[in-house]
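The values are calculated or read from the model by the stated rules, or taken from the named source; none is laboratory data. Worth saying up front: this structure is predicted, and the values here are computed from it rather than measured. Don't worry about glycine lacking a Cβ; one is built from the backbone with ideal geometry, like all the others, and counts go over all protein chains shown.
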Amino acid sequence: MQSQRKRWILALCCLAQFMVILDVAIVNVALPSIRRDLSFSAVNLQWIVNAYTLTFAGFLLLGGRAADLLGARCVLIAGLVLFALASLAGGLSSGQGQLIVARAVQGLGGAVVLPATLSIITITFAEGAERNRALAAWGAMGALGGSTGGLAGGVLTQLLGWEWILFVNVPIGIAGALGARRLLRSSVPGRAPRREFDVAGALTVTAGLVLLTFAIVRTDVNGWLSKPTLLVAGAGLALLAAFVAIEGRLATRPLVPLRIFRSRSLTGANLVVFALGSAAFAMWYFVSLYLQQVLGYSAIRAGLAFAPMTLSIAAASPIAARLVSRMGPGPVLTIGMSLVGAGMLLFSLMPADGTYVADVLAPSIVTAVGIGFSFVPVTIAAVAGGSREEAGLASGLVNTSRQVGGSLGLAILATISTARSRDAAQVGETGAESLAEGFGLAFAVGGGFALAGALIALTLLARPARPVPVPV
């Protein structure tokens with residue numbers, strides 16, 4: 001009976017993880033439809049993605065601390081309900097501002113849900129083989145959520161309209177909240193005084209990231225060295241510096257105790273997952289646009305084009321879990337990030353007159369296998385051996401790194417792509433040719449991000465003290 005209850009708890013955590021990560025990618029195929037309906041510009045379109053990922057990243061650490069202090073059960077239920085309500089509001093949006101705000105609130109809900117699920121897994125499953133099996137399933141669902149987003153987004157957009165990529169979360173979120181209420185026991189470790197919540201830290205890191213991303217996005221209009229860019233970027237960096245000062249000196253219970261970075265494994269895992277987010281989030285974004293804007297695919301056809309990626313991640317993730325037991329997470333991560341980098345570089349070669357089979361399929365499979373080889377071991381490396389009391393913190397930190405990497409990476413690569421496409425159009429290239437040139441440069445730079453992650457994994461994680469046992 002206890003074993004069956006654990007399986008249901010794991011299924012609940014995996015469903016919540018899948019839904020939250022799915023919503024990072026599910027909008028990508030719908031972007032052209034949203035742009036037409038709500039009159040977004042090419043530059044501002046990325047805020048539909050970044051509004052979600054920035055609030056997600058900025059409040060993940062606070063969500064992790066809330067799970068540690070208030071108990072993961074009530075935090076998970078509250079997060080799922082908030083996510084469902086924000087999704088409903090987003091689907092009902094009639095203007096750009098309403099949709100962006102709804103996506104930001106979705107990100108806040110996701111920031112509460114995700115660390116709570118990992119905290120529940122850490123508490124429910126014993127450290128060692130049992131917990132690593134659960135972590136492997138949880139990490140695989142995150143990878144699948146990202147790749148399945150394209151397929152689900154295409155089908156829903158084509159058949160029902162882009163609004164349904166948001167409406168679909170409402171019944172899932174409510175069902176998850178009811179399931180959590182029934183399955184999970186209250187685990188409040190004691191009433192937490194209000195002063196233990198580092199709200200100042202959460203606000204400064206979120207505001208700093210938003211300003212820094214906004215400065216990068218606006219370089220398409222203002223230029224990299226213009227006064228507005230430097231002022232906004234400087235304000236963002238100042239807020240991030242204030243966040244470090246708060247965490248190191250001022251906060252009674254900091255979101256990120258700086259001592260945690262003494263762990264080579266945790267530090268390396270966060271650096272690698274930052275690079276992974278920088279490459280993978282942009283990859284899904286640009287492949288979706290290439291298929292529809294260059295090759296002329298419909299939304300549903302573009303979504304179906306992501307099916308090989310989903311299958312490849314599903315096949316690679318359990319293999320990665322087995323390899324971790326033999327090699328440790330570092331070598332597997334090095335292989336995975338190298339494959340992501342190679343796939344991105346292959347994507348950079350896609351021409352304006354390309355075809356799916358000749359130019360998209362092989363890079364998709366290479367990149368997807370790399371993602372499958374990266375998500376599981378990076379999760380295990382980040383939380384292996386961590387204390388139960390800081391399970392939410394470890395979860396929040398690794399997921400924050402991924403979301404921050406995704407937000408900043410997308411901002412940089414979208415800006416680079418737009419500038420290259422504009423320059424190509426000015427010298428007489430067609431619309432498809434100029435777009436392909438811009439996307440190609442973005443893929444090439446994204447491949448560099450992934451290969452930098454592989455080098456970090458090789459340097460910091462490829463020589464672990466001992467392999468982390470994962471059952472075959």
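General remarks:
- Residues of segment 235-258 satisfying the condition of being crowded, with 17+ Cβ neighbours inside 10 Å and in contact (Cβ under 8 Å) with a residue 40 or more places away in the chain: F243, I246, E247, A251, P254, L255, V256
- A search for C-beta distances below 8 Å between a residue of segment 331-357 that is over 13 Å from F439 (Cβ atoms) and in contact (Cβ under 8 Å) with a residue 12 or more places away in the chain and any residue that is in a loop (DSSP other than H, G, I, E, B) and not small (G, A, S), counting only pairs 6+ apart in sequence or on different chains, returns T355/L295; Y356/L295.
- Some residue of segment 248-260 being part of a helix (DSSP H, G or I), among the polar types (S, T, N, Q) and modelled with pLDDT under 90: no
- Single match in M350, M283 (criterion: buried (at least 20 other Cβ atoms within 10 Å of the Cβ), within 23 Å of Q403 (Cα to Cα) and assigned by TED's automatic domain parsing to the domain that holds P115): M283
- Of all the numbered requirements in (1) over 30 Å from P351 (Cβ atoms); (2) more than 25 Å from the chain's Cα centre (by Cα), V272 misses one, and that requirement is (2).
- Residue satisfying all of: in segment 307-334; modelled with pLDDT under 85 and of a type in the set (S, T, Y); surrounded by the most Cβ atoms within 10 Å (Cβ to Cβ) among these: S317
- Looking across F261, F243, one residue alone is farther than 30 Å from Y356 by Cα, aromatic (F, W, Y) and either outside the structural domain of F375 (by TED's automatic domain parsing) or in contact with an Asp or Glu (Cβ under 8 Å, 6 or more places away or on another chain) (or both). It is F243.
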